[in-house]
Amino acid sequence: MERYYQQEIECASRETIKALQEEKLQRQIRHVWENVPYYRKKLEAKGLRPEDIKSSADLYKLPFLSKADLREAYPYGLLAKPLKDCVRIQSTSGTTGKRVVAFYTQKDIDMWEECCARAIVAAGGSNEDVCQVSYGYGLFTGGPGLNGGSHKVGCLTIPASSGNTERQIMFIMDLKATILCCTPSYAAYLGESMKEMGYKPEDIPLKIGIFGAEAWSEEMRRDIEATLGIKAYDIYGLTEISGPGVSFECSAQNGMHINEDHFLVETIDPKTGEVLPEGSQGELVFTALDKEAFPLLRYRTRDICTLNREPCSCGRTHVRMMKLKGRSDDMMVIRGVNVFPSQIETVLLNHGYAANYQIIVDRVNNTDTLDVKVEMTPQMFTDNVGEIDERRKELADGIKSILGIRAKVSLVAPKTIERSEGKAVRVIDKRKI
Ligand code: DLL
């Protein structure tokens with residue numbers, strides 16, 4: 001079985017990748033300068049011209065783009081190709097404001113699908129596989145991206161889309177699906193449902209999971225792997241920069257290789273915008289080197305993470321993103337303490353709970369309150385008040401030791417917290433409402 005989809009570039013030397021990036025960067029800046037008046041104005045405001053950016057070392061001079069720019073320029077303000085050359089849009093769900101619309105030429109789609117194909121092969125997939133794509137199809141990039149990647153690899157593709165759990169399970173079992181692509185929260189739900197239906201991991205034909213679009217912890221990975229009897233791989237991406245496949249995990253399951261031939265990455269201090277040395281935790285900023293229709297330069301993702309350039313056992317040379325710490329805009333400040341939902345999730349999973357929880361933040365008498373509602377698993381379900389109290393205390397202590405603040409924990413019966421077929425909604429911050 002082939003280990004790589006495009007070995008020559010995935011395992012290229014650092015010098016080769018750097019040289020390729022420099023060449024593409026210069027071309028891309030010229031393309032944007034000539035075709036995107038919105039960004040040209042931003043450059044001119046800084047007194048910059050394309051020839052001022054000679055190499056990636058000059059990248060820091062370029063202005064950032066952020067979601068606010070995308071909203072301001074909505075819908076066509078950042079389009080860099082005539083409409084006759086564009087063949088598709090994809091869009092974010094718009095939960096935090098106006099939708100972001102991203103445009104693609106056919107070449108952009110081919111490049112994006114190739115990135116997804118790399119991800120599938122890196123997870124061990126090949127044309128022998130039956131790949132069930134249970135990310136949403138339509139405006140969300142998950143379904144279309146992995147669907148395209150699966151075709152490129154030559155897998156028999158099941159475009160299941162999200163939802164209708166019974167039908168998902170029927171296809172997995174009847175068509176003997178070996179690869180499952182969906183959000184980790186939906187994978188956990190599918191696993192839970194299959195377990196309830198009496199399937200043991202060894203009865204389930206799945207071998208590989210390609211899960212992303214939201215943060216998930218190592219503990220959650222272990223849980224999903226055990227219930228479905230698979231190896232679960234992380235995949236990352238964002239609509240603005242193409243979709244899934246900006247980076248993906250390999251057999252080492254230790255960080256996601258960024259497709260550096262297409263995307264140039266930096267980490268910055270989210271507060272000051274200052275570029276941080278590689279290896280420090282910071283906000284990821286991407287420059288799309290090949291995109292034609294929607295070529296974002298220095299796009300601030302709000303995603304907080306650390307890059308790792310140590311050699312990887314899989315042989316790929318592209319830099320790895322370690323597990324996302326969260327989004328800088330996901331970070332809650334509760335009683336002055338920075339809290340990421342992933343920290344609370346880790347405590348819950350370490351205590352044997354599944355990732356079925358809700359974090360409710362409110363402000364009562366000028367003091368922030370933190371309530372964590374957690375589902376008991378069917379095995380631990382009890383109506384013995386003393387036992388429940390004991391468990392609640394255990395969790396509250398665990399959270400206190402990680403965050404330094406106390407949460408009010410309530411334990412609820414299995415299956416009482418609503419499941420998500422796409423990205424899970426885990427935080428309800430009533431202070432903003
Ligand atoms: O979520 C693209 C995608 C689809 C990635 C399917 C992977 C699989 P958006 O809806 O634009 O695009 O959301 C992008 O989701 O900035 C991160 O905050 C978050 N995200 C995506 N992948 C991961 C991941 C898709 N593996 C935003 N881990 C990003 C943590 C992720 N967060």
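The values are calculated or read from the model by the stated rules, or taken from the named source; none is laboratory data. This is a predicted model, so every value here is computed, not measured. Here Cβ is always computed from backbone atoms with ideal geometry, including for glycine, and neighbour counts include all displayed protein chains. Accessible surface areas use protein heavy atoms only, side chains included; no ligands, DNA or RNA. Shrake-Rupley method; radii C 1.70, N 1.55, O 1.52, S 1.80 Å.
What about D234, is it assigned to a loop (DSSP other than H, G, I, E, B) and within 27 Å of P311 (Cβ to Cβ)? Spelling it out, it is not the case that D234 is assigned to a loop (DSSP other than H, G, I, E, B) and within 27 Å of P311 (Cβ to Cβ).
If you check A215, A226 for being in the same structural domain as F171 (by TED's automatic domain parsing), of a type outside the set (S, T, N, Q), open to solvent by 40 Å² or more (accessible area, probe 1.4 Å) and near the ligand (Cβ under 9 Å from one of its atoms), only one passes: A215.
Of all residues being part of a loop (DSSP other than H, G, I, E, B) and open to solvent by less than 20 Å² (accessible area, probe 1.4 Å) in region 127-155, which is nearest to Q168 (Cα to Cα)? Just the residue, please. Restricting to residues being part of a loop (DSSP other than H, G, I, E, B) and open to solvent by less than 20 Å² (accessible area, probe 1.4 Å), the top hit is S134. Which members of region 162-172 meet the condition of being open to solvent by 20 Å² or more (accessible area, probe 1.4 Å) and either part of a helix (DSSP H, G or I) or more than 24 Å from G198 (Cα to Cα) (or both)? Listed by number, the residues that qualify are T165, E166, R167, M170, F171. Among the residues of region 327-364, those that are under 29 Å from S66 (Cβ atoms), assigned to a loop (DSSP other than H, G, I, E, B) and within 16 Å of the ligand (Cβ to nearest atom) comprise S328, D329, D330, M331, F340.
Name every residue in region 300-321 that is within 16 Å of the ligand (Cβ to nearest atom) and among the hydrophobic types (A, V, I, L, M, F, W, C), in order of residue number. Across region 300-321, the qualifying residues are I304, C305, L307, V319, M321.
Against the numbered list (1) within 16 Å of the ligand (Cβ to nearest atom); (2) over 21 Å from H351 (Cα atoms); (3) surrounded by fewer than 23 Cβ atoms within 10 Å (Cβ to Cβ), Y199 comes up short only at (1). Among the conditions (1) in contact with a strand residue (DSSP E or B) (Cβ under 9 Å, 6 or more places away or on another chain); (2) within 16 Å of the ligand (Cβ to nearest atom); (3) part of a loop (DSSP other than H, G, I, E, B), I210 misses just one, which is (3). Looking for something assigned to a strand (DSSP E or B) and either open to solvent by 30 Å² or more (accessible area, probe 1.4 Å) or not polar (S, T, N, Q) (or both) - is there at least one such residue anywhere in region 379-401? Scanning region 379-401 turns up no residue that is assigned to a strand (DSSP E or B) and either open to solvent by 30 Å² or more (accessible area, probe 1.4 Å) or not polar (S, T, N, Q) (or both). Any chance region 149-165 includes a residue that's more than 22 Å from the chain's Cα centre (by Cα), free of Cβ contacts under 8 Å to residues at least 12 places away in the same chain and closer than 30 Å to Q358 by Cα? Within region 149-165 (the criterion being more than 22 Å from the chain's Cα centre (by Cα), free of Cβ contacts under 8 Å to residues at least 12 places away in the same chain and closer than 30 Å to Q358 by Cα), the answer is yes, since at least one residue qualifies.
Comparison of A215, A226 shows that the only residue that is assigned to a loop (DSSP other than H, G, I, E, B) and either out of contact with any Gly (no Cβ under 7 Å at 6 or more places or on another chain) or closer than 30 Å to F340 by Cβ (or both) is A215.
Within region 249-264, one or more residues are acidic (D, E), crowded, with 24+ Cβ neighbours inside 10 Å and modelled with pLDDT of 95 or more. Of L297, L324, all but one fail to be within 14 Å of the ligand (Cβ to nearest atom) and either touching a Lys or Arg at 6+ places or on another chain (Cβ under 6 Å) or part of a loop (DSSP other than H, G, I, E, B) (or both); the exception is L324.
This table checks each residue for (1) in contact with a Phe, Trp or Tyr (Cβ under 8 Å, 6 or more places away or on another chain); (2) modelled with pLDDT under 90; (3) not hydroxyl-bearing (S, T, Y).
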site: E387; (1), (2), (3): no, no, yes
site: R392; (1), (2), (3): no, no, yes
site: S401; (1), (2), (3): no, no, no
site: G404; (1), (2), (3): no, yes, yes
site: A413; (1), (2), (3): yes, no, yes
site: I417; (1), (2), (3): yes, no, yes
site: E421; (1), (2), (3): yes, yes, yes
site: R431; (1), (2), (3): no, yes, yes
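Only residues that are over 23 Å from T239 (Cα atoms), in contact (Cβ under 8 Å) with a residue 12 or more places away in the chain and assigned to a loop (DSSP other than H, G, I, E, B) were counted in region 39-97, giving 6. Within the option set L349, L297, L324, being over 30 Å from R3 (Cβ atoms) and open to solvent by 10 Å² or more (accessible area, probe 1.4 Å) holds for one residue only, L349.
Note on region 4-31: residues that are open to solvent by less than 50 Å² (accessible area, probe 1.4 Å) and in a helix (DSSP H, G or I) total 11.
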